[in-house]
Amino acid sequence: MALVGAARERSLLDEACSLDPDTREGKSALDALAERAVTRAGANVKRERGTHLHSLSEYVDRGEELPPGIAPADLADMAAYKMATVAFDVVAMEQFVVVSELAVGGTFDRVLHYEGPGPDGRPVSGLYVGDLKTGSVQYGGLKMATQLAVYSRGELYDHTAFPVESRSPRALAAWKKREVPAALAATAYSSMPAVSQDWGIIIHLPAGEARCTLYWADLRAGWETAGLAQDIRRARSIKGSLVPFTGNH
């Protein structure tokens with residue numbers, strides 16, 4: 001996509017020719033040019049479209065009117081979303097959680113109350129983590145199940161309780177070294193609603209298609225994969241696997 005963007009906007013190549021890729025400044029400038037090229041090629045259009053639909057879905061779930069002047073395609077997508085999710089009651093929306101044992105965090109889309117047929121057709125009733133996807137779900141099922149499994153085992157965390165003063169690397173490094181009394185740090189955490197740790201719900205709303213499909217996500221398989229990912233990350237940090245020969249042979 002970067003090559004397509006550069007072909008469409010040749011001035012990007014002219015700017016790149018004047019940069020030294022062996023310097024920190026040159027690398028930074030080249031990264032910025034690459035991002036501009038990717039954007040010029042249209043690679044971010046789907047991502048931006050997905051963000052837009054996420055925002056509109058929040059209006060629907062809050063029971064508010066959609067913003068005036070939205071495109072007919074957006075209105076059709078939201079109608080499909082409303083019809084597909086009519087059996088859900090939204091309990092929580094867009095909240096940040098952390099899982100300390102994995103040293104990860106993220107923001108879930110929804111916590112949903114649902115009562116009806118479960119994954120095996122038997123009646124279920126309870127709270128479930130839900131996630132809205134606007135892109136393809138053809139190959140990402142296990143990744144999505146892993147994502148929701150992590151959310152389901154998290155703690156709510158108020159990241160505004162201890163803000164970083166700026167986005168500079170120096171400010172972030174200083175923030176990481178900051179010592180906070182345990183009692184004060186604990187005030188940023190609160191319990192997650194008692195969501196299912198066996199199943200989550202994927203809401204698939206492909207942009208511009210006026211259709212919405214629901215999927216059960218197996219969080220048991222997802223949690224197992226999250227543990228495997230942690231093991232792999234730990235293994236990748238192992239150093240000294242190769243030792244050079246010494247002496248004469």
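Exactly one residue among Asp61, Asp74 is touching a residue at least 24 places away in the same chain (Cβ under 8 Å), closer than 21 Å to Ala207 by Cα and open to solvent by less than 50 Å² (accessible area, probe 1.4 Å), and that residue is Asp61.
Residue-by-condition table, conditions (1) without any contact (Cβ under 8 Å) to a residue 60 or more places away in the chain; (2) polar (S, T, N, Q); (3) over 30 Å from Asn44 (Cα atoms):
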position	(1), (2), (3)
Glu179	yes, no, yes
Thr187	yes, yes, yes
Asp198	yes, no, yes
Leu205	no, no, no
Leu214	no, no, no
Gly222	no, no, no
Ile238	yes, no, yes
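In this structure, does Leu102 turn out to be farther than 28 Å from Ala80 by Cα and touching a Phe, Trp or Tyr at 6+ places or on another chain (Cβ under 8 Å)? Before you say what the answer is, go through the steps one by one.
Numbers: farther than 28 Å from Ala80 by Cα: yes; touching a Phe, Trp or Tyr at 6+ places or on another chain (Cβ under 8 Å): no.
Considered against the rule, which asks whether it is farther than 28 Å from Ala80 by Cα and touching a Phe, Trp or Tyr at 6+ places or on another chain (Cβ under 8 Å), Leu102 comes out as no.
Listed by position, the helices (runs of 4 or more DSSP H) enclosed by segment 115-217 that each have at least 1 residues that are over 29 Å from Leu228 (Cβ atoms), open to solvent by 60 Å² or more (accessible area, probe 1.4 Å) and charged (D, E, K, R) are 169-176.
Being over 24 Å from Arg49 (Cβ atoms) and open to solvent by 40 Å² or more (accessible area, probe 1.4 Å) is the filter here, so list the residues in segment 97-114 that pass it.
Residues of segment 97-114 that are over 24 Å from Arg49 (Cβ atoms), as a first pass: 97-105, 111, 113-114.
Ser100, Glu101, Ala103, Val104, Gly105, His113, listed by residue number.
Only a single criterion out of (1) open to solvent by 60 Å² or more (accessible area, probe 1.4 Å); (2) under 24 Å from the mean Cα position of the chain (by Cα) is not satisfied by Tyr81, namely (1).
Total residues in segment 17-35 satisfying the condition of being surrounded by fewer than 16 Cβ atoms within 10 Å (Cβ to Cβ) and under 10 Å from Gly5 (Cα atoms): the figure is 1.
The values are calculated or read from the model by the stated rules, or taken from the named source; none is laboratory data. Quick caveat: nothing in here was measured; it's all calculated off a predicted structure. Reconstructed Cβ throughout: ideal geometry from the backbone, glycine too, with neighbour counts over all protein chains shown. For the accessible areas, the whole protein counts, side chains as well, though only heavy atoms, and no ligand, DNA or RNA atoms are used. Shrake-Rupley method; radii C 1.70, N 1.55, O 1.52, S 1.80 Å.
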